[in-house]
Structures are given as C-alpha cells and as structure tokens.
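Right, one structure below, let's go through it.
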Amino acid sequence: MTLLPIFLRLERRPCLVVGAGRVALEKIESLRGAGAAITVVAPEAIPKLRALAKEGALVWRQRLFEPADLDGIFVVIAATNAPDVNHAVYEEALRRNVLCNAVDDPPNCDFYFGSVVARGDLQIAISTAGESPALAQRLRREIDAQLPADLGPWLDELGGLRREVRAATPAGEARNLLLHELAQRQLCSLPSCPTRQFAQERIRAIEETRA
C-alpha cells in the first residue's frame, strides 16, 4: 500500500470524533490546533473534554454514535475502546466517502497521524503507516534534537522576503535560483541584514536584464 503524504488544511472544516477518553482527547487537541470545527459523540467524557465542551471549544453529543452523525463531516476519528464501534464508524464513513482514522487500528484507517517535529510553520511528519508508531517517535526525537530552536522565526522572515522577491521579479529561472539561495542564508528582520541587501542587489540585477 502506498500512502499519499499530504498536509491537510482543516480550518473551519467539520470534524467528528467518536469517543471521549484520553486517546480521543489527544486527537481532539490536534484538530483544535488545526482550527477544525469539532463535534464529539460519546455517552461519557473525561473531565478535560467536558470542560472544552463547556467553554464552547467543541460540541459534545452525549450519546452513542449514529450514522447520521457523519452528515456533512469532512474527517472522522474513531477513538472508542470498542473495536466493533470503531469498525462500524469506519464502514459508515467509507460508504459516505468521509475520511476516517480509527486510532491504533490500521485496517480501519484512510489516513494516519504522523509523529511531528514542529518549528513554527515548519512541520516534519513521520509515518510508518501504522506499522511501528514507536519507531516514528524515535525518529521524531532524533530529528528534533538536530533542528535549531529558532527555525520558526527564521522561516517567518524567509517567507516575508520570498513574497517581496516574488512581487518584484517575474517568474523564471533567475527568481527560482534567488529563492533557493536565500533559503541557504542567515536572515533577520533588520533592513541592514546582509541577506536582505543581497536579495535587493539580485532583484536590481534581474530588473536590469529585463530592461
């Protein structure tokens, strides 16, 4: 089986979580971080999840799962401690073309949660397709130890400079080469930053070749 590695934008998308225990809460926190609109279906819930519902961070339907709960849903996560329930959720999601993840149950998954290293907007996700989450976690720790702590702010600055370059230069090999060179350099927010000055010089050179 070959998986398509993608980063999925879930902001304001309706997502369903079936189950309201510790494992479900872990997935809920991931969905919240992505800005999803979350509905939880479960007869009972742990205190933290009850508090999130009370705060309005999610909608909790205090009952058993029903097929109609998948109406209009973009992604569903089955996180109960009952394999038959998780399987039923997956089968219903499959019938409705809704993406489903059944926690710790690879055969009943359309996608997997990767082990993620994050530095601001930089995310490196590792997946073993459910074969060995422990290996994915080990690799995450190793990669995390090698990445500088300030990569997030640096990426913010690089993204801003990239937008300036794209606005000032036409698409083409010269612009692509400049963007790749900038990704290799140190960068700060000061106008006197050598990398910013380098970028301005290259932009002028590109403009001169067009004149």
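The values are calculated or read from the model by the stated rules, or taken from the named source; none is laboratory data. Bear in mind the structure is a predicted one, so any value in this text is a computation, not a measurement. Cβ: placed from backbone, ideal geometry, glycine included. Neighbour counts: every protein chain shown.
Scan the range 1-20 for residues that are small (Gly, Ala, Ser) and closer than 20 Å to Gly130 by Cβ and jot them down. Lay out the reasoning, then the answer.
Going through the range 1-20, the residues small (Gly, Ala, Ser) turn out to be 19-20.
Across the range 1-20, the qualifying residue is only Gly19.
Looking at Phe74, Phe65, Phe113 in this structure, which one is out of contact with any helix residue (DSSP H, G or I) (no Cβ under 9 Å at 6 or more places or on another chain), more than 30 Å from Gln186 (Cβ to Cβ) and surrounded by 15 or more Cβ atoms within 10 Å (Cβ to Cβ)? Spell out the reasoning first.
Numbers: Phe65 fails: out of contact with any helix residue (DSSP H, G or I) (no Cβ under 9 Å at 6 or more places or on another chain); Phe113 fails: out of contact with any helix residue (DSSP H, G or I) (no Cβ under 9 Å at 6 or more places or on another chain).
Of Phe74, Phe65, Phe113, the one residue that is out of contact with any helix residue (DSSP H, G or I) (no Cβ under 9 Å at 6 or more places or on another chain), more than 30 Å from Gln186 (Cβ to Cβ) and surrounded by 15 or more Cβ atoms within 10 Å (Cβ to Cβ) is Phe74.
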Report task. Tell me which of these Ala88 doesn't satisfy, since it passes every other one: (1) outside any loop (DSSP other than H, G, I, E, B); (2) under 16 Å from the mean Cα position of the chain (by Cα); (3) aliphatic (A, V, I, L, M). Result -> (2)
Query raised in the report: How many residues are closer than 27 Å to Phe111 by Cα, of a type in the set (D, E, K, R) and touching a residue at least 24 places away in the same chain (Cβ under 8 Å) if we restrict to the range 122-165?
Result: 3
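Quick test for you: out of Glu164, Glu208, Glu181, pick the one residue that is in a helix (DSSP H, G or I), of a type in the set (D, E, K, R) and more than 23 Å from Gly152 (Cα to Cα).
When all the criteria are applied, what remains is Glu208.
Might you check whether a residue that is more than 19 Å from Cys188 (Cα to Cα) and hydrophobic (A, V, I, L, M, F, W, C) occurs anywhere in the range 142-153?
For the range 142-153, residues more than 19 Å from Cys188 (Cα to Cα) and hydrophobic (A, V, I, L, M, F, W, C): present.
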Report task. Give the range 91-123 a look and list any residue that's assigned to a loop (DSSP other than H, G, I, E, B), more than 30 Å from Leu158 (Cα to Cα) and of a type in the set (A, V, I, L, M, F, W, C), or say none. Result -> Val98, Val103, Phe111
**Report entry** Count of residues meeting criterion [within 22 Å of Thr2 (Cα to Cα) and at pLDDT 95 or above] in the range 88-107
**Finding:** 11
Report summary line: Within the range 29-72, the residues that are outside any helix (DSSP H, G or I), polar (S, T, N, Q) and in contact (Cβ under 8 Å) with a residue 24 or more places away in the chain are Thr39
Query raised in the report: What tally of residues in the range 26-57 results from selecting those that are over 18 Å from Pro14 (Cα atoms) and crowded, with 16+ Cβ neighbours inside 10 Å?
Result: 1
Report task. Report yes if Leu155 is surrounded by 13 or more Cβ atoms within 10 Å (Cβ to Cβ), under 18 Å from the mean Cα position of the chain (by Cα) and assigned by TED's automatic domain parsing to the domain that holds Arg202, otherwise no. Result -> yes
